[in-house]
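Reviewing the structure listed below.
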Amino acid sequence: MALNPHFPPSPSLSGISSQRAHVLAHSVVTNLLESRKTGSYLYAPLNDSRAEIRLLEILPDSGVQTISCSLRSVSLQSNPEYVALSYTWGNPSSSRLIDIDGCPLPVTDNLYDFLRAMRINRPKVALWVDQICINQKNLHEKSSQIRLIADIYSSAQSVIAWLGE
């Protein structure tokens, strides 16, 4: 798996045991293989004890219609630099696909419009977007991340309020 030179690897592996690093690496590889089989994005687990969150990078426009992005995990304890998004999801039954690390992920139309605008206007910004950065299908993760919401927004360099196009 090639690393993206524009989005450095997560520093979250520093300071953890080699056994935990092995478990995380195995989980990432397993999720990647499973996502290729199922055709949908599968999330690697977050470390609750390190207050980990995921950050999104919108990759530059490559001339294709699909919005391509990359996700990485970081610990809030490491004071990462990112911008948080505040927005309305819009109609959950109306969605479009984006590409996350080579796998499709549906997002609502309103979020798609935001990502398209950001790809043009502010490339290479690390973003925290709840709909993407939290595994919405994992109830344990959702509840853990909800407990961090105040910290997530207060730790952001800035917060963008997206009202739509």
For segment 18-42: of the residues being open to solvent by 30 Å² or more (accessible area, probe 1.4 Å) and of a type in the set (Ser, Thr, Tyr), which is modelled with the highest pLDDT? 41
For the condition under 30 Å from residue 49 (Cα atoms), among the β-branched types (Val, Ile, Thr) and free of Cβ contacts under 8 Å to residues at least 40 places away in the same chain, what is the one hit in 64, 74, 107, 83? 107
If you go through segment 57-75 one residue at a time, how many are of a type in the set (A, V, I, L, M) and open to solvent by less than 20 Å² (accessible area, probe 1.4 Å)? 3
Could you please tell me which pairs satisfy a Cβ distance under 7 Å, a separation of 6+ or placement on different chains, a first residue in segment 124-136 that is among the basic types (Lys, Arg), and a second residue that is assigned to a loop (DSSP other than H, G, I, E, B) and open to solvent by 10 Å² or more (accessible area, probe 1.4 Å)? 124/6
Of all residues in segment 147-165, which are under 17 Å from the mean Cα position of the chain (by Cα) and closer than 18 Å to residue 92 by Cβ? none
With the checklist (1) of a type in the set (Gly, Ala, Ser); (2) surrounded by fewer than 16 Cβ atoms within 10 Å (Cβ to Cβ); (3) over 15 Å from the mean Cα position of the chain (by Cα); (4) at pLDDT 85 or above in hand, flag the one item residue 102 doesn't pass. (3)
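Out of all the residues in segment 122-129, is one or more β-branched (Val, Ile, Thr) and either surrounded by 14 or more Cβ atoms within 10 Å (Cβ to Cβ) or within 13 Å of the chain's Cα centre (by Cα) (or both)?
As a first pass, look at segment 122-129 and keep what is β-branched (Val, Ile, Thr): 125, 129.
Applying the additional criterion that residues be either surrounded by 14 or more Cβ atoms within 10 Å (Cβ to Cβ) or within 13 Å of the chain's Cα centre (by Cα) (or both) yields 125, 129.
Scanning segment 122-129, I find at least one residue that is β-branched (Val, Ile, Thr) and either surrounded by 14 or more Cβ atoms within 10 Å (Cβ to Cβ) or within 13 Å of the chain's Cα centre (by Cα) (or both), so the answer is yes.
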Quick one: is residue 54 assigned to a strand (DSSP E or B) and open to solvent by 20 Å² or more (accessible area, probe 1.4 Å)? no
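The values are calculated or read from the model by the stated rules, or taken from the named source; none is laboratory data. Because the structure is a prediction, the values reported are computed rather than measured. We place every Cβ from the backbone using ideal geometry, glycine too, and count neighbours over all the protein chains shown. Surface accessibility is based on the protein's heavy atoms, side chains included, excluding ligands, DNA and RNA. Shrake-Rupley method; radii C 1.70, N 1.55, O 1.52, S 1.80 Å.
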